[in-house]
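J.: Here it is: the structure, laid out below.
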Amino acid sequence: EQRGALLAAAALFPRPPDGARFSYGTAGFRAEGVTMGPAVCRAGVVAALRSVKLGGAAVGLVITASHNPVRDNGVKIVDADGGMLSQDWEPFADALANAPTPDDLLQIVLQFAKDEEIKLGGSHSAQVLLARDTRPTGEYLLDAAVKGVNAMIGAVAVDMGILTTPQLHWMVRSSSEFTSLLLCLLELVPKDKGADVMNNRLIVDGANGIGGLKLEEIKAKISGLDIHVRNSGKGEGILNESCGADFVQKEKVVPLGFGPEDVGFRCASFDGDADRLVYFRIVSSSDNRIDLIDGDKILSLFVLFIREQLDIINGKDNKGNEVLPTCFGVVQTAYANGASTDFLKNLGLEVVFTPTGVKYLHKEALKYDIGIYFEANGHGTVLFSDHFVSQLESLTSFLQHQAAMRLLATSRLINQAVGDALSGMLLVEAVLQYKGWSFQNWCDLYTDLPSRQLKVKVQDRNAIVTTDAERRVCQPSGLQELIDGEISNYSHGRCFVRPSGTEDVVRVYAEASSEEAADSLAKRVAQHVE
Ligand code: NG1
Ligand code: ZN
């Protein structure tokens, strides 16, 4: 089958007998655009093989002749790290481009695959990202490249459109960074922990959105994890309907798309645009309840991991080495479960509060060497200052260096621009392996206080004005006193009200030592708001 596919592709773009010899120089192959079909098709084969060789990491192929005249065109392969094709592969690229007949081409590929120990025709995956510049022959040559990539069974060609050459290099680099950084973190897992301590199966609820689709594309490349996607966005399910991070966090029940086979496994849930992440576990098949791990507990896990690395860098084992004073800050909102805040404060950490909304949290977290923020609903990330990153790079003693490498890999894996479900999930998985922790160990960090949220419709929600990071009402006068009066009747009682920024309602949040008490506190306070 593989042989047939290669012969067919080569026959589609036959090399003219009198064609000029191609040589893969620094800029790949170049010639007059209309004559480039065979060379570009064959470069597609090389790119796909390169991706197979690299375990399925994305490789790029760009169709351009750079500064040369418009009638020229060319093809260049971008290696998985975003740089130029590895020089060891240039002779193969040359030989392939110059192979006179389809049969010669096949023999060269088979021989090369054998020498390089690349297994052909089957279970492997490969991905080639394609781009072209504005030249008129670009479209024709793109088609030739796609046919070349597709001639390798299992390889996928992804057309990224008309791009600048550096854009394609950057895209290839960032697409493989994800997986290589995860690997880098996992390699830093101490040998006595991790791997076999925990089950490597992870089931992900994609909310029938883009996160599920993207994860389906890359999951095979995430080694060490057996990822299964539900609500992937490919099937019938409706976006965010009875599934996804918001549903799971608010309703605390099993999302649609999950079944008895998922009971007991570690599950993650994204929202529709994949910027929120929560985890959960289905308790039993006869029961709709879940054990929820919300943004607060994801934050707590990351905090423990980062603290551990900072302790290694600055701690007792680190005799005589340079210490690295670190300003480490945790940012939460009033919706953070009180048990999480207690847990963090008991670790001796600085916990600050901002109003609801990522823009406030992010801005506050930027003030630290390492600033971490999460909303309970799963929006959040970890920010590292440039200054701190450069200090980490300078640590040299063995133990310090290992811990610094873990923090550096973390800073590159986690999205520094905005909360990101995919990279957050990979960091969770790496930290669980690092600690040798099961889902249960993670759950047991602390027990969430029962909480209840209500929405109250009012004439003018902005009549309520809050202060102290939305935890207290200052207008209308007297309301806060009424709320305080209610809270005083409940053990572990906490309650606040605020106008929603996204809906025309006032939100009421209450926490207490039992579900019933939280329900009743929320209801009683809601009556004062109406
Ligand atoms: P509002 O409607 O202001 O409560 C909601 C979420 C926020 C944030 C924003 C933006 C709750 C209680 N509030 O804001 O956390 O995610 O939407 O999406 O979940
Ligand atoms: Zn979102």
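The values are calculated or read from the model by the stated rules, or taken from the named source; none is laboratory data. Only a predicted model underlies this, so the values are computations on that prediction, with no experimental measurement involved. Glycine also receives a Cβ, built like all others from the backbone with ideal geometry; neighbour counts cover every protein chain displayed.
J.: Which one of the conditions (1) farther than 16 Å from residue 456 by Cα; (2) of a type outside the set (S, T, N, Q); (3) within 16 Å of ligand 2 (Cβ to nearest atom) does residue 482 fail to meet, given that it meets all the rest?
T.: Single failed check for residue 482: (3).
J.: Residue under question is residue 431, and the condition is that it be under 21 Å from the mean Cα position of the chain (by Cα) and in contact (Cβ under 8 Å) with a residue 40 or more places away in the chain; does it hold?
T.: Taking the combined requirement at face value, the residue satisfies it.
J.: Something else now. Is it true that residue 445 is closer than 23 Å to residue 342 by Cβ and crowded, with 20+ Cβ neighbours inside 10 Å?
T.: no
Condition check ((1) within 20 Å of residue 155 (Cα to Cα); (2) within 25 Å of the chain's Cα centre (by Cα); (3) in contact (Cβ under 8 Å) with a residue 12 or more places away in the chain; (4) not in a strand (DSSP E or B)) across all residues:
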{"position": "31", "(1), (2), (3), (4)": "no, no, yes, no"}
{"position": "39", "(1), (2), (3), (4)": "yes, no, yes, yes"}
{"position": "60", "(1), (2), (3), (4)": "yes, yes, yes, no"}
{"position": "70", "(1), (2), (3), (4)": "no, no, yes, yes"}
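J.: Select from the range 359-371 the residues that are within 16 Å of ligand 1 (Cβ to nearest atom) and touching a strand residue (DSSP E or B) at 6+ places or on another chain (Cβ under 8 Å) and list them in ascending order.
T.: Listed by number, the residues that qualify are 361, 362, 364, 365.
J.: Give the residues of the range 266-320 that are without any contact (Cβ under 8 Å) to a residue 12 or more places away in the chain, charged (D, E, K, R) and more than 25 Å from residue 199 (Cβ to Cβ), sorted by residue number.
T.: Residues satisfying the conditions are 311, 316, 319.
J.: How many residues, within the range 97-142, are of a type in the set (Asp, Glu) and either within 26 Å of residue 160 (Cα to Cα) or within 33 Å of the chain's Cα centre (by Cα) (or both)?
T.: 4
J.: Another question, then. Kindly indicate whether residue 374 is within 30 Å of residue 507 (Cα to Cα), of a type in the set (Phe, Trp, Tyr) and crowded, with 16+ Cβ neighbours inside 10 Å.
T.: The answer is yes for residue 374.
J.: Also, I was wondering about something else. Would you mention how many residues in the range 372-422 are in a loop (DSSP other than H, G, I, E, B) and either within 16 Å of ligand 1 (Cβ to nearest atom) or under 25 Å from residue 211 (Cα atoms) (or both)?
T.: Total satisfying the criteria: 12.
J.: Moving to a separate point now. Is it fair to say residue 418 is in contact with a strand residue (DSSP E or B) (Cβ under 9 Å, 6 or more places away or on another chain) and closer than 20 Å to residue 363 by Cα?
T.: It is true that residue 418 is in contact with a strand residue (DSSP E or B) (Cβ under 9 Å, 6 or more places away or on another chain) and closer than 20 Å to residue 363 by Cα.
J.: Out of all the residues in the range 350-362, is one or more farther than 29 Å from residue 453 by Cβ and surrounded by 22 or more Cβ atoms within 10 Å (Cβ to Cβ)?
T.: Within the range 350-362, none of the residues are farther than 29 Å from residue 453 by Cβ and surrounded by 22 or more Cβ atoms within 10 Å (Cβ to Cβ).
J.: Restricted to the range 351-390, and to residues that are among the small types (Gly, Ala, Ser) and more than 16 Å from ligand 2 (Cβ to nearest atom), which residue is farthest from residue 296 (Cα to Cα)?
T.: Only one residue tops the list, namely 390.
J.: Something else about it: Step by step: first the residues of the range 275-292, then only those that are modelled with pLDDT of 95 or more and within 16 Å of ligand 1 (Cβ to nearest atom), then the one that is farthest from residue 444 (Cα to Cα). Which residue is that?
T.: 276
J.: Scan 526, 518, 522, 510 and give me the residue that is within 16 Å of ligand 1 (Cβ to nearest atom), farther than 24 Å from residue 340 by Cα and either part of a strand (DSSP E or B) or touching a residue at least 12 places away in the same chain (Cβ under 8 Å) (or both).
T.: Going through 526, 518, 522, 510 in turn, just one is within 16 Å of ligand 1 (Cβ to nearest atom), farther than 24 Å from residue 340 by Cα and either part of a strand (DSSP E or B) or touching a residue at least 12 places away in the same chain (Cβ under 8 Å) (or both): 526.
J.: While we're looking at this one, here's another question. Regarding residue 345, is this residue buried (at least 19 other Cβ atoms within 10 Å of the Cβ), within 29 Å of residue 391 (Cα to Cα) and at pLDDT 95 or above?
T.: Against the criterion (buried (at least 19 other Cβ atoms within 10 Å of the Cβ), within 29 Å of residue 391 (Cα to Cα) and at pLDDT 95 or above), residue 345 does not qualify.
Let's see how each residue does on (1) more than 29 Å from the chain's Cα centre (by Cα); (2) under 30 Å from residue 279 (Cβ atoms); (3) in contact (Cβ under 8 Å) with a residue 60 or more places away in the chain:
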{"position": "412", "(1), (2), (3)": "no, yes, yes"}
{"position": "424", "(1), (2), (3)": "no, yes, yes"}
{"position": "445", "(1), (2), (3)": "no, yes, yes"}
{"position": "464", "(1), (2), (3)": "yes, no, yes"}
{"position": "481", "(1), (2), (3)": "yes, no, no"}
{"position": "487", "(1), (2), (3)": "yes, no, no"}
{"position": "501", "(1), (2), (3)": "no, yes, yes"}
{"position": "505", "(1), (2), (3)": "yes, yes, no"}
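Residue-wise test of (1) touching a strand residue (DSSP E or B) at 6+ places or on another chain (Cβ under 6 Å); (2) in a loop (DSSP other than H, G, I, E, B).
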{"site": "430", "(1), (2)": "no, no"}
{"site": "445", "(1), (2)": "no, yes"}
{"site": "453", "(1), (2)": "yes, no"}
{"site": "469", "(1), (2)": "yes, yes"}
{"site": "485", "(1), (2)": "no, no"}
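J.: Okay, moving on. Can you name every residue in the range 267-301 that is surrounded by fewer than 23 Cβ atoms within 10 Å (Cβ to Cβ), of a type in the set (D, E, K, R) and closer than 15 Å to residue 426 by Cα?
T.: 275
J.: Within 22 Å of the chain's Cα centre (by Cα) and either modelled with pLDDT under 95 or under 30 Å from residue 472 (Cβ atoms) (or both): does that describe residue 352?
T.: no
J.: So residue 227 passes all but one of these: (1) over 17 Å from residue 420 (Cβ atoms); (2) in a strand (DSSP E or B); (3) not basic (Lys, Arg). Which condition number does it fail?
T.: (1)
J.: Does residue 251 count as away from ligand 1 (no atom under 16 Å from the Cβ) and surrounded by fewer than 16 Cβ atoms within 10 Å (Cβ to Cβ)?
T.: When the stated conditions are applied, residue 251 does not pass them.
J.: Under the condition of being farther than 18 Å from residue 378 by Cβ and of a type in the set (A, V, I, L, M), which residue from the range 228-280 is farthest from ligand 2 (Cβ to nearest atom)?
T.: Looking at residues that are farther than 18 Å from residue 378 by Cβ and of a type in the set (A, V, I, L, M), I get 263.
J.: Looking only at the range 154-171, count how many residues are touching a Gly at 6+ places or on another chain (Cβ under 8 Å) and at pLDDT 90 or above.
T.: Matching residues across the range 154-171 total 4.
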